[in-house]
1. Yes or no: the range 131-141 includes at least one residue that is among the hydrophobic types (A, V, I, L, M, F, W, C), surrounded by 13 or more Cβ atoms within 10 Å (Cβ to Cβ) and out of contact with any Leu (no Cβ under 8 Å at 6 or more places or on another chain).
2. Name the pairs: first residue in the range 203-214 and in contact (Cβ under 8 Å) with a residue 40 or more places away in the chain and closer than 14 Å to Leu23 by Cβ, second residue assigned to a loop (DSSP other than H, G, I, E, B) and not hydroxyl-bearing (Ser, Thr, Tyr), Cβ to Cβ under 6 Å, at least 6 apart or on different chains?
3. Taking into account only those residues within the range 80-103 that are under 28 Å from Ile140 (Cα atoms) and among the charged types (D, E, K, R), which is surrounded by the fewest Cβ atoms within 10 Å (Cβ to Cβ)?
4. Here is a list of conditions, (1) in a strand (DSSP E or B); (2) among the aliphatic types (A, V, I, L, M); (3) in contact with a Pro (Cβ under 7 Å, 6 or more places away or on another chain), and Ile74 meets all of them except one; can you say which number that is?
5. Please go through the range 20-57 and give me each residue that is touching a strand residue (DSSP E or B) at 6+ places or on another chain (Cβ under 6 Å) and either under 15 Å from Gln214 (Cα atoms) or assigned to a strand (DSSP E or B) (or both), ordered by number.
6. Any residue in the range 92-106 that's touching a residue at least 60 places away in the same chain (Cβ under 8 Å): show its pairings with residues that are charged (D, E, K, R) at Cβ separation under 8 Å, as long as the two are six or more apart or on different chains.
7. Which residue pairs have Cβ atoms under 6 Å apart, sit 6 or more places apart or on different chains, and have a first residue in the range 1-30 that is over 19 Å from Arg82 (Cα atoms) and at pLDDT 95 or above and a second that is assigned to a helix (DSSP H, G or I) and of a type in the set (S, T, N, Q)?
8. Looking at the structure I just gave you, is Pro59 touching a helix residue (DSSP H, G or I) at 6+ places or on another chain (Cβ under 6 Å) and not hydroxyl-bearing (Ser, Thr, Tyr)?
Amino acid sequence: MTSGLVLYGYWRSSAAYRVRIALNLKRLDYESRPVHLLRDGGEQHAPGYREINPQQLIPCLLDGDRAITQSLAIMEYLDETRPEAPIMPVDSRGRARVRALAMAVACDIHPLGNLRVLQRLESQFAADEAQRAEWSRHWIASGFDALEAMLADNAATGGYCHGDSPGMADACLVPQVYNAIRWKLPLDDYPTLRRIHQKCMTLDAFKQAAPELQADAV
C-alpha cells in the first residue's frame with residue numbers, strides 16, 4: 001500500500017534532498033516528480049508548477065490534494081501525520097534543539113548559496129564561477145563554525161545530531177555537507193560534523209537519497 005505522497009524536487013537541490021532523507025527514515029513510499037531548475041529557464045517558473053507552489057521553489061509535497069511547501073514544514077508535517085519512525089524528539093526541549101540545528105542550516109546557510117542567489121550574483125554583479133564558489137565556501141564555513149560549536153561537547157549530541165537516532169537535524173546536515181564538498185570547502189575544522197555525516201552515510205535512508213542516485217540526475 002502506497003502513502004499517496006508526491007514529491008516535487010530536483011536531484012541536486014539540498015532542500016529536496018532533506019525531504020527524501022526524511023521520507024526514507026520514516027519508510028514512506030512516494031512518487032517523485034522532477035522539476036528541472038535550469039531547463040527552459042527553470043521549470044519551477046512554469047505556470048503549471050506555479051499553481052502548485054506560488055513561491056516557485058522546491059521541494060513541494062502533495063498529500064492527496066494538499067500541497068505542503070518548505071522542507072522543514074514538510075518534515076514536521078510528515079512526523080505529525082505519520083508518527084511511526086519519528087524524526088523529532090518527544091520532549092519539548094529536544095524538539096526545540098533539533099529545530100534550532102535544522103534552522104541553522106535551512107535558514108542561515110542554505111539560502112545564501114541557493115541557485116537563485118548565485119544566479120543573481122552572476123547577472124547583477126558579473127560574479128564568475130570562482131567568485132561564486134568563494135561566496136558559497138564563506139557562508140558554509142560561517143555556518144559550520146556555529147554548528148560545530150552547537151554540537152561538540154553537548155550532552156544531547158549522540159551518534160547523531162540529537163541522541164542516537166537519526167532525525168530532522170541530520171536530514172539537514174547531510175545535504176549541506178554534500179554542498180560543502182561540492183564547493184571544495186575543507187572540513188578539517190569540523191570533526192563533529194564529519195563524524196555525524198559519516199555515520200549517517202552508513203544508513204540506507206541517507207544513501208538512497210543521494211543526488212546522484214535520483215532518476216533525474218544528469
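The values are calculated or read from the model by the stated rules, or taken from the named source; none is laboratory data. Predicted model, so just to flag it, every value in this text is computed and none were measured. Cβ coordinates were reconstructed from backbone atoms using ideal geometry, including for glycine residues, and neighbour counts include every protein chain displayed.
1. Within the range 131-141 (the criterion being among the hydrophobic types (A, V, I, L, M, F, W, C), surrounded by 13 or more Cβ atoms within 10 Å (Cβ to Cβ) and out of contact with any Leu (no Cβ under 8 Å at 6 or more places or on another chain)), the answer is yes, since at least one residue qualifies.
2. What qualifies is Gln214/Trp11.
3. By that ranking, first place goes to Arg93.
4. Result: Ile74 passes all but (1).
5. Leu23, Tyr30, Glu31, Ser32, Arg33, Val35
6. Here the result reads Ala106/Arg18, each pair linking the range 92-106 to a residue that is charged (D, E, K, R).
7. Pairs that qualify, where the first residue is over 19 Å from Arg82 (Cα atoms) and at pLDDT 95 or above and the partner is assigned to a helix (DSSP H, G or I) and of a type in the set (S, T, N, Q), are Ser14/Asn179; Ala15/Ser71.
8. Values: touching a helix residue (DSSP H, G or I) at 6+ places or on another chain (Cβ under 6 Å): yes; not hydroxyl-bearing (Ser, Thr, Tyr): yes.
Taking the combined requirement at face value, the residue satisfies it.
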